[in-house]
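The values are calculated or read from the model by the stated rules, or taken from the named source; none is laboratory data. Keep in mind that what you see is a predicted model, and the values were worked out from it rather than measured. Every residue, glycine as well, gets a Cβ built from its backbone with ideal geometry; the counts of neighbours run over all protein chains shown.
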Amino acid sequence: MADEPKPSQPPESSKPDGAAAAPAAPPAVKNPGTPATLGVPKAAPAAPKTPPPVQIPLDNELTRRYRERFGATILDTLEDRKQAYLVVDAGQLTEVARYSRDQEKFDLLEDYTAVDWPKREKRFDLVAVLYSFPHNIRLRLKIPIADRQRISSLVEIWPAANWLEREIYDMFGIEFAGHPDLRRILLPDGWQGHPLRKDYDILKQDTDWVRENLGIESGQ
Amino acid sequence: MREEGTNQNATLLGADELVLNMGPQHPSTHGVLRVKLKLDGERVRGTECVIGYLHRGVEKIAEHRTYQQFAPYVDRMDYVAAVSNGLGYCEAVEKLLNAEAPPRARVIRTILTELQRIASHLVWLGTHALDIGALTPLFYCFREREEILKIFERYCGARLTTHAFRIGGLQYEAYDGFEKDVERFCKDFERRIQEYMDLLTGNSIWIGRTRNVGVLSAADCIALGASGPILRASGVKWDLRKAQPYAAYDQYQFEIPVGTNGDTYDRYLVRMEEMRQSRLICLQAIERIPDGPIMGKVGKVLKPPAGEVYHSIEAPKGILGYYLVSDGTTQPYRVRVRPPSFVNLQAFDKMVRGHLVADVVAIIGTLDIVLGEVDR
Amino acid sequence: MNPTLEALLHFLATWWVELLWGVVIVAVVPLVAGYVVLVERKLMADMQARLGPMRVGPHGLLQPIADAVELLIKEDIIPDNADQLIFWLAPVISMVAALTSMGAIAFGPTLQVARDINIGILFVAGVSSLGLLGIVLGGWASNSHYSIIGAMRSTAQLVSYETAAGLAMVSALLLSGTLSIRAIVDAQRQSGVWFVFLAPMAFFIYLVASIAETNRAPFDLPEAESELVAGYMTEYSGFRWSLYFLGEYANMIVVASVATTLFLGGWLRPFPNVTWLSWLEYAPAVLMALAGGYSIYRAGKQPVAVQTGFMWAVALACFAVAVLFAVPRFVAPLNFVLPGLNGAFWFLLKVSAYLYVFMWLRFTLPRYRFDQLMHLGWYILIPLAIVNVVAVGVAMLLENAGWNRWVGLMVTTAFTLGTALYLVHLQDKRNARASSAKTDVLPGNSYAG
């Protein structure tokens, strides 16, 4: 899977941080006119001309309120194909979530999932999709976290996160602090490995588990 | 009962309580679902759902297929309402491509999706009634469903896992007589719905089994993420087809049925009314299907620009969401399916506490879960 | 001669009719019950827009035979820790109770099955309720936690509704003044109208109670497949299970017969003593001829030749039976079979109608939850039955005091109906109160798991 930023990528912000273009744009340097600071380090295809990037920085009332409230925690505010998302630092996730639910009225946690970018330093992107019934708008929160980094659970704020976080733990191995019952949900309890990670091969199985519990040799 | 914040296998066993295991093979769990009930005599004091028996790794597979190749996999998740799954996926990829299906395709998609909604609700009604003991509605519902499946078969060749839509529009033109078939079905269906309502709605045994069973308040619904008829029966008048219209829904008039108590009886009424409204949408749609192409301008090889998109639709069971991350190649980088049944099933514990064992079956039925979607 | 042999021969000479009837019951009733099952399956299919058994024999007519053979050749599985003797005994008790209670039932004025006992109805009701023992022993002997719970539930249900049924029977017995089956039907003949018109509330109470007695829907929670706690029959398979199953259907026939005898006039034609309606005496033959005619009419509409032939065969059979009914009327030496033949026809017709209502309710109504079932029995049916007994008694007193019989009975029926509505109203209020009260649930994180 091509997940390295190609050299043809527009210049990074003033903080070069290795191969992974982590969305660390210092707020002071924010220049709405620059299409350079991208939240997602995605490759342009190896075609002669680069297609215009679809992530554009977003600056509206909502994002301004968030930035005022949280400052540096909001690492980036972007819009991709007319869908807004905030890149949020993991440290203050609970506060951001609580603010979102209480002040901004995002009362529904529509989805909570993760994406694995193995070449990045902060390997995982936790993605929370929030929906507000009163305002009828949707907002995505993206939280980049590193491997083995524990992140606080959102169960206290949106009880819907209970099983959603269990599935993230099951598939990616991300642990949530404060989750009442963090164990595997879709895979059997004794399974080793987290399948949706990119280093888990598509044909791979936990052969020991299969041998012990099913009595057969797992084979594809 | 359970220690906070542990990762160990939690057990429900207490000193003088009975743990009753239901499933994974059981006539009433509508699939391979295992429910551990912690009972105090006849009353349920706690539950634990064990899922994953139908986990097939669909999201992992998606990363190794092209966008078009993945479309048939999507049908197999909620296999009772395959057309809806297809609609959500195709529209999500179209959003990713910044493309749009032409108007004719959108209208035909709407008609087929609404027929699928009726079919899905018919399965729900038949099996739910069967669990509660009414043997006959099942056969009537499947007789109606047969007509819908015949329409699907004539349209795209398959009855259950239809793969009816393509990214960018439709592959098949509406066949000769499509409008007539749909119209004939819809005209006949009003009488049938009335038949089911006559059998069940005023029946005091039915009311006794479903009233005040599995009550879920509106605040709980939203907090737990429950959506679809469950949310509407709890009093929240919200439907994604009206809030953020997709396909051709903004062109049609239909009502959003709302319940008051949030109990099983209200969910039954809401779904019955939804079938009626779907029928009305179909009738409105077939009156004027616009002419034009059925396939939009998307290339043969789909390489969406890098980025991500989230698109959700109102599937028969709730909010069905697709979160697609593209890395600019022909294969998606990540496909996440937000299944309505998975999130709705979380509400099961809250709904069933304090009820009798005989109500457990009714509550599982009213949640209308499909394990293919829960487990993916 | 050897005195033992002499005693034996004397016994046989006195009791040979009853013994023969016993053999006939044991041989015939399971077969009849099997065919009642087939009729039920066909009716269920018809109400569910499908065909039912069609493969085994024409239109599935050999289905019961096939089922019986299948059950007989099945492996006999006995749970490990089950009590062997009781496990063997329980279905036998159920079956024996059902079959024995048939001994006192009369199909016609001279056609009682075994003998006309002077406490006929009491005998039937009492012996058939011995089947309860079979249920509770079966559940207990299975040595399974869930079986015993199912058996206890079944027993509780049966006992409760037995009370209501008994009280409903008492109302009819008040009207007839005797327990003997033949005398009860005679009383109906003398009053010129079936007891169902004189005591309709009693009939309906008995109808509901008898559905619960036989574990039929909507009272079949202990047997339902989709319920969690399996019934007492779980550990039984093969022939033992078929004993339970046939016992249940034999029980159905018994309660239908009791209801027919007590309320529907037994073997009497409609309006038994009314002379200007005596042309109804020809009804059996006419009805069978009409059935034959309808068969011929349907034969023309069959899609397949085989089915056409089958309908013609049915028509022929109907006509043959019609002839059988008609001939004794016109052939003087055969006149003596008339009462028995006609009586049997009307009796079986009424029993079939009663069973049809059973089946119809099974396919239409959902199932009661167990607590709702018990509430219905104890809070509504039993008080109503008591009130009804008192009401009928009052009506009879009024009749003795000179009132017109009908007026007295209408007044008391209206009173009982009013009581019924009041009891239902009380139940609704109780339900509303119960649902608003919060039941105790576990505190803590109820969103988990």
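Can A:Glu167 be described as facing chain B (nearest Cβ under 10 Å) and among the acidic types (Asp, Glu)? Yes; evaluated as a whole, the condition is true for this residue. Cβ-Cβ contacts under 6 Å between residues 6 or more apart (or on different chains), taken from a first residue in region C:262-274 that is buried (at least 21 other Cβ atoms within 10 Å of the Cβ) to a second residue that is part of a loop (DSSP other than H, G, I, E, B) and modelled with pLDDT of 80 or more, are listed as C:Leu264/C:Trp194; C:Gly265/C:Trp194. Residues in region B:353-376 that are within 20 Å of A:Val155 (Cβ to Cβ) and either more than 14 Å from chain C (Cβ to nearest Cβ) or of a type in the set (Asp, Glu) (or both): B:Val374 alone. Counting the residues of region C:293-330 that are outside any helix (DSSP H, G or I) and farther than 19 Å from C:Gly57 by Cα gives 2.
In this structure, does B:Gly262 turn out to be on the phi > 0 side of the Ramachandran plot, modelled with pLDDT under 90 and within 20 Å of the chain's Cα centre (by Cα)? Criteria met by B:Gly262. A count restricted to region B:27-41 and to residues that are more than 8 Å from every other protein chain (Cβ to nearest Cβ) and outside any strand (DSSP E or B) stands at 6.
Working only within region A:56-83, note down all residues that are within 14 Å of another protein chain (Cβ to nearest Cβ), on the phi < 0 side of the Ramachandran plot and not in a strand (DSSP E or B). Residue satisfying the conditions is A:Leu58 alone.
Of everything listed in (1) crowded, with 24+ Cβ neighbours inside 10 Å; (2) at the interface with another protein chain (Cβ under 8 Å from one of its Cβ atoms); (3) under 29 Å from B:Gly46 (Cα atoms), the single unmet condition for B:Lys350 is (1).
In this structure, does C:Val389 turn out to be surrounded by 15 or more Cβ atoms within 10 Å (Cβ to Cβ) and touching a residue at least 12 places away in the same chain (Cβ under 8 Å)? Yes; evaluated as a whole, the condition is true for this residue. Within region B:165-186, does at least one residue satisfy the condition of being within 12 Å of another protein chain (Cβ to nearest Cβ) and either outside any loop (DSSP other than H, G, I, E, B) or of a type in the set (S, T, N, Q) (or both)? Scanning region B:165-186 turns up no residue that is within 12 Å of another protein chain (Cβ to nearest Cβ) and either outside any loop (DSSP other than H, G, I, E, B) or of a type in the set (S, T, N, Q) (or both).
Every residue, every condition in (1) loosely packed, with under 11 Cβ neighbours inside 10 Å; (2) without any contact (Cβ under 8 Å) to a residue 12 or more places away in the chain; (3) in contact with a Pro (Cβ under 7 Å, 6 or more places away or on another chain), yes or no:
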position	(1), (2), (3)
C:Ile25	no, no, no
C:Tyr35	no, no, yes
C:Leu38	no, no, yes
C:Asp46	no, yes, no
C:Pro53	no, no, no
C:Gln63	no, no, yes
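Closer than 22 Å to B:Gly372 by Cα, within 14 Å of chain A (Cβ to nearest Cβ) and either at pLDDT 85 or above or touching a strand residue (DSSP E or B) at 6+ places or on another chain (Cβ under 6 Å) (or both) - does that describe any residue in region B:2-19? No; the residues of region B:2-19 include none that is closer than 22 Å to B:Gly372 by Cα, within 14 Å of chain A (Cβ to nearest Cβ) and either at pLDDT 85 or above or touching a strand residue (DSSP E or B) at 6+ places or on another chain (Cβ under 6 Å) (or both). The condition (being of a type in the set (D, E, K, R), surrounded by fewer than 21 Cβ atoms within 10 Å (Cβ to Cβ) and within 24 Å of the chain's Cα centre (by Cα)) is satisfied by just one residue among B:Glu190, B:Glu173, B:Glu179: B:Glu190.
Is one or more of the residues making up region B:296-308 more than 7 Å from chain A (Cβ to nearest Cβ), surrounded by fewer than 24 Cβ atoms within 10 Å (Cβ to Cβ), touching a helix residue (DSSP H, G or I) at 6+ places or on another chain (Cβ under 7 Å) and assigned to a helix (DSSP H, G or I)? Checked region B:296-308: no residue is more than 7 Å from chain A (Cβ to nearest Cβ), surrounded by fewer than 24 Cβ atoms within 10 Å (Cβ to Cβ), touching a helix residue (DSSP H, G or I) at 6+ places or on another chain (Cβ under 7 Å) and assigned to a helix (DSSP H, G or I). Could you pull out the residue among C:Val254, C:Val159 that is away from every other protein chain (no Cβ under 14 Å), in a helix (DSSP H, G or I) and in contact with a helix residue (DSSP H, G or I) (Cβ under 6 Å, 6 or more places away or on another chain)? On inspection, the qualifying residue turns out to be C:Val254. Of the set (1) at pLDDT 90 or above; (2) buried (at least 21 other Cβ atoms within 10 Å of the Cβ); (3) not basic (Lys, Arg), all apply to A:Ile145 but (2).
The number of residues in region C:311-338 being of a type outside the set (Gly, Ala, Ser) and modelled with pLDDT of 85 or more comes to 8. Checking region A:188-200 against the condition returns a match, with at least one residue being facing another protein chain (nearest Cβ under 7 Å) and surrounded by 21 or more Cβ atoms within 10 Å (Cβ to Cβ). Within region C:170-183, the residues that satisfy the criterion of being farther than 15 Å from C:Phe203 by Cα, assigned to a helix (DSSP H, G or I) and either out of contact with any Asp or Glu (no Cβ under 7 Å at 6 or more places or on another chain) or of a type in the set (Lys, Arg) (or both) are C:Arg182, C:Ala183. Scan region A:113-142 for residues that are in contact (Cβ under 8 Å) with a residue 12 or more places away in the chain, surrounded by fewer than 19 Cβ atoms within 10 Å (Cβ to Cβ) and at the interface with chain B (Cβ under 8 Å from one of its Cβ atoms) and jot them down. Within region A:113-142, just A:Phe133 meets the criteria. Only one of the numbered conditions (1) under 30 Å from C:Ile117 (Cα atoms); (2) modelled with pLDDT of 90 or more is violated by C:Ala66, and that is (1).
Scoring B:Arg211 on the criteria (1) in contact with a Phe, Trp or Tyr (Cβ under 6 Å, 6 or more places away or on another chain); (2) farther than 18 Å from B:Arg117 by Cβ; (3) modelled with pLDDT of 90 or more leaves a single failure, condition (3). B:Arg209: of a type in the set (Lys, Arg), assigned to a helix (DSSP H, G or I) and either at the interface with another protein chain (Cβ under 9 Å from one of its Cβ atoms) or in contact with a Ser or Thr (Cβ under 6 Å, 6 or more places away or on another chain) (or both), yes or no? When the stated conditions are applied, B:Arg209 passes them. Tallying residues that are of a type in the set (A, V, I, L, M), surrounded by fewer than 21 Cβ atoms within 10 Å (Cβ to Cβ) and assigned to a helix (DSSP H, G or I) within region B:44-100 yields 3.
Whether a residue is surrounded by 17 or more Cβ atoms within 10 Å (Cβ to Cβ), part of a loop (DSSP other than H, G, I, E, B) and touching a residue at least 12 places away in the same chain (Cβ under 8 Å) was assessed, and A:Glu110 does not pass this test.
Among residues of region B:322-347 being hydrophobic (A, V, I, L, M, F, W, C) and in contact with a Pro (Cβ under 8 Å, 6 or more places away or on another chain), the one that is farthest from the other protein chains (Cβ to nearest Cβ) is B:Leu324. When region C:217-230 is limited to residues that are more than 10 Å from every other protein chain (Cβ to nearest Cβ) and farther than 15 Å from C:Gln372 by Cα, the one that is modelled with the lowest pLDDT turns out to be C:Ala230. Might you check whether a residue that is under 30 Å from C:Ile380 (Cβ atoms) and under 19 Å from the mean Cα position of the chain (by Cα) occurs anywhere in region C:106-118? Within region C:106-118 (the criterion being under 30 Å from C:Ile380 (Cβ atoms) and under 19 Å from the mean Cα position of the chain (by Cα)), the answer is no, since none of the residues qualifies.
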